[in-house]
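Visitor: Below you'll find the structure I mean.
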Amino acid sequence: MAFSGRVALVTGAASGMGRLACRRLTDAGARVAAVDVNQEGLLETASGSDAIRAYPQDVTDSRAVAELVAQVESELGPLDRVVNAAAIMPTGFLLDQDVHLVSRIMDINYGGTVNLTLAALPGMLERGRGDLVNFASIAGWSPSLHFGAYNASKFAVVAFSEVLFHENQNRGVRIVCVCPPPVNTPLLDQAKSKPKMLEQMGKPIDPDVVLDAVEDGLEAGRLFVFPGRGTAFGVLMRRWFPGLVWRMVHRTEGR
């Protein structure tokens, strides 16, 4: 594992990728601040481990997030890794989704990433060490029917991470933006509009594959990580042949 620090903070820690990240970090000897609005899920994540401490928090509240970072560093120590894994993925055609839901998706997936990054990264840069792991998605590169609001939020995470990486090169903090295809986590259960593209993309990949790719990317100094077979090729297809990709999407969705 590429992590050699002592303290980590993980959002979206009540389930899925966030929960697994917490447990893998504790296996590496870290103390972990597990952050989520789902208190019951946080308790499940922390159960059986004295190294995981639950911090119920809504990542969309920038002031509260800044206070949380200060609290965690006071109680556990300076942060050595931050993992922005909090996300929601309600699917549906954009005109069928409530405007507040569309905004909420952006507020959590992108806004939460911004809030925690701006609260935690300055301290890591001042210390000249640490890892920042931002979760985007293949959906942050290749838009699709049913995923418009989610696409927009993940496109924003991709752009934010890219600029952040280039603004802070050679300052001691490793920054990686991981962009997986569908992953076998509870997040997929939120795709209640039943996008056929999810079936077209095949079996969701294992969460461990994603986190292994993150560690490899950090060690190699790569900004973007595309876990899973064919993921990077899918990004290239979208860049080179966007019309063809959209024809495939329309044919698959029958719309």
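Read-outs throughout are calculated quantities, based only on the coordinates presented, and are distinct from any laboratory measurement. Note that the coordinates shown come from a computational prediction; the quantities given were computed from them, not determined experimentally. Quick reminder, even Gly has a Cβ in these numbers, built from the backbone with ideal geometry, and neighbours come from all protein chains shown.
Visitor: Filter segment 65-76 down to residues that are in contact with a strand residue (DSSP E or B) (Cβ under 9 Å, 6 or more places away or on another chain) and in a helix (DSSP H, G or I), then give me how many there are.
Guide: Residues flagged as in contact with a strand residue (DSSP E or B) (Cβ under 9 Å, 6 or more places away or on another chain) and in a helix (DSSP H, G or I) within segment 65-76 amount to 7.
Visitor: Please go through segment 221-255 and pick out each residue that is in contact with a Ser or Thr (Cβ under 9 Å, 6 or more places away or on another chain), of a type in the set (A, V, I, L, M) and in a helix (DSSP H, G or I).
Guide: 235, 237, 245, 249
Visitor: Taking the options 155, 241, 233, name whichever one is of a type in the set (Phe, Trp, Tyr) and under 18 Å from residue 85 (Cα atoms).
Guide: 155
Visitor: Given (1) more than 15 Å from the chain's Cα centre (by Cα); (2) without any contact (Cβ under 8 Å) to a residue 60 or more places away in the chain, identify the lone condition not met by residue 117.
Guide: Just one mismatch for residue 117, condition (1).
Visitor: Okay, moving on. Across segment 165-181, which residue is surrounded by the most Cβ atoms within 10 Å (Cβ to Cβ) among those that are farther than 16 Å from residue 140 by Cα and among the hydrophobic types (A, V, I, L, M, F, W, C)?
Guide: Within segment 165-181, the match that is surrounded by the most Cβ atoms within 10 Å (Cβ to Cβ) is 175.
Visitor: Quick one: would you say residue 194 is over 21 Å from the mean Cα position of the chain (by Cα) and among the basic types (Lys, Arg)?
Guide: Against the criterion (over 21 Å from the mean Cα position of the chain (by Cα) and among the basic types (Lys, Arg)), residue 194 qualifies.
Visitor: Let me ask something additional. Mind listing whichever residues of segment 10-64 are β-branched (Val, Ile, Thr), closer than 19 Å to residue 88 by Cα and surrounded by fewer than 24 Cβ atoms within 10 Å (Cβ to Cβ)?
Guide: 37, 60
Visitor: To continue, here is another question. Of the conditions (1) more than 20 Å from the chain's Cα centre (by Cα); (2) buried (at least 19 other Cβ atoms within 10 Å of the Cβ), residue 199 satisfies every one except a single condition; which number is it?
Guide: For residue 199, the failing item is (2).
Visitor: Could you pull out the residue among 130, 92 that is at positive phi, in contact with a helix residue (DSSP H, G or I) (Cβ under 7 Å, 6 or more places away or on another chain) and in contact (Cβ under 8 Å) with a residue 60 or more places away in the chain?
Guide: Among 130, 92, only 130 is at positive phi, in contact with a helix residue (DSSP H, G or I) (Cβ under 7 Å, 6 or more places away or on another chain) and in contact (Cβ under 8 Å) with a residue 60 or more places away in the chain.
Visitor: What residue, of 252, 185, 231, is of a type in the set (S, T, N, Q), more than 19 Å from the chain's Cα centre (by Cα) and surrounded by 15 or more Cβ atoms within 10 Å (Cβ to Cβ)?
Guide: Residue meeting the stated conditions: 252.
Visitor: Something else: Going through segment 95-114 one residue at a time, which ones are assigned to a loop (DSSP other than H, G, I, E, B) and in contact (Cβ under 8 Å) with a residue 24 or more places away in the chain?
Guide: 97
Visitor: I need a count of the residues in segment 209-253 that are among the polar types (S, T, N, Q) and within 15 Å of residue 137 (Cβ to Cβ).
Guide: Going through segment 209-253 one residue at a time, the tally reaches 1.
Visitor: Just one of the numbered conditions (1) of a type in the set (S, T, N, Q); (2) closer than 23 Å to residue 115 by Cα; (3) in a loop (DSSP other than H, G, I, E, B) is not true of residue 161; which one?
Guide: (3)
Visitor: Right, next: In segment 127-148, what residues are part of a helix (DSSP H, G or I) and more than 19 Å from residue 163 (Cα to Cα)?
Guide: Hits for segment 127-148 are 127, 148.
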